[in-house]
Amino acid sequence: MEDREGLNPPPQAALALAEAAAIGFTLSCDDQTGSLLRTLAASKPGGHFLELGTGVGYSTSWLLAGMDPASRLVTVEKNLSHNRIAIKHLGHDPRVSFVTGDAAKFIAELLSPEENMAGKLDFIFADTAPGKLTLLEEVLSLVKPGGLFLVDDMLPKAEFNFMPDPRYIELTNRLENHPDFFITKLNWASGLIIATRKV
């Protein structure tokens, strides 16, 4: 079985990736991760989704491809030019809301008494430092029982001479030992950890 064939990316993914290449943006997820995002999104009908780190909307397009009509996604990106590309290709979809701003501030807003989103999200994809390398507990507190939390890029990369990043080692250890979540580590694609809040 070849797990990099037959993934069938959504049409918007190719458009976003082409624009990413044109501006030299190389941080989009790979197709394998995108395929998993789509599959997991389809398991949460009517779900509330959060993506931290929109980039140019590549992973966003995969999430939307798996979501049903009743699901809603909020995606956060601090870089305005990157967010404009995502909005250009995906902004017509009423299921997604784009936020341009600092993810750490947005996380704080979700946990504020006014928003009170603790324990209410079905699926979080954390693809930027806040919620992944910082504010982990705060973001995990947003996940409802049975909800999913996914991080990628957990494997060492060639540009860093394959040296493990201690921040990712700490993240792995914290998720492995978290009392409220079951996790599965995948030595696959860019390296993934899927966590599910215990019911």
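Can you classify region 59-111 as rounded, prolate or oblate using the Cα gyration tensor, where a ≥ b ≥ c are the square roots of its eigenvalues, rounded means a/c under 1.5, and otherwise it's prolate if a/b beats b/c and oblate if not?
oblate
Of the chain, which part is the longest with no GluC sites (Glu not before Pro) in a loop (DSSP not H, G, I, E, B) and with at most 16 other C-beta atoms within 10 angstrom?
6-113
Taking Cα pairs under 8 Å and at least six residues apart, what relative contact order does the chain come out at, in percent?
Once divided by the residue count of the chain, the mean separation gives 17 percent.
Among S97, P10, L155, pick out the residue whose Cα is farthest towards the positive end of the charge dipole of the chain, where Lys and Arg carry +1 and Asp and Glu carry -1 on C-beta, about the Cα centre.
S97
For L155, enumerate residues with amide H under 5 Å from its amide H, sequence gap 5+ or separate chain, H modeled in the peptide plane.
Counting only residues 5 or more places away or on other chains, the set is G191.
Which value, in debye to the nearest 20, describes the size of the charge dipole of region 29-197 about its Cα centre when Lys and Arg Cβ atoms bear +1, Asp and Glu Cβ atoms bear -1, and nothing else is charged?
260 debye
For region 29-197, just run the numbers: alpha carbon Rg, then divide by 2.2 N^0.38 Å, N being how many residues it has.
0.97
Using θ = phi - 60° and the Karplus curve 6.51 cos²θ - 1.76 cosθ + 1.60, what whole-Hz ³J(HN,Hα) does each residue of region 135-148 get, with Gly and Pro shown as x?
6, 4, 4, 4, 6, 4, 5, 7, 7, 7, x, x, x, 10
If I take R0 = 35 Å and measure r between the Cβ atoms of E138 and A14 in this structure, what FRET efficiency does the formula 1/(1 + (r/R0)^6) give, to the nearest 0.05?
Calculated value: 0.50.
In 5 Å bins starting at 0, how do the alpha-carbon pair distances of region 79-174 split up by percent?
P(r) over region 79-174, rounded to whole percents: 3, 11, 18, 20, 19, 16, 9, 4, 1, 0.
Tell me the label-point distance for the pair R174, E115, using the 7 Å Cα-to-Cβ offset, in nm and rounded to one decimal.
1.8 nm
Bear in mind these aren't lab numbers, they're just calculated from the coordinates by the rules spelled out. Worth saying up front: this structure is predicted, and the values here are computed from it rather than measured. Note that each Cβ is placed from the backbone with ideal geometry, even for glycine, and that neighbours are counted across all protein chains shown.
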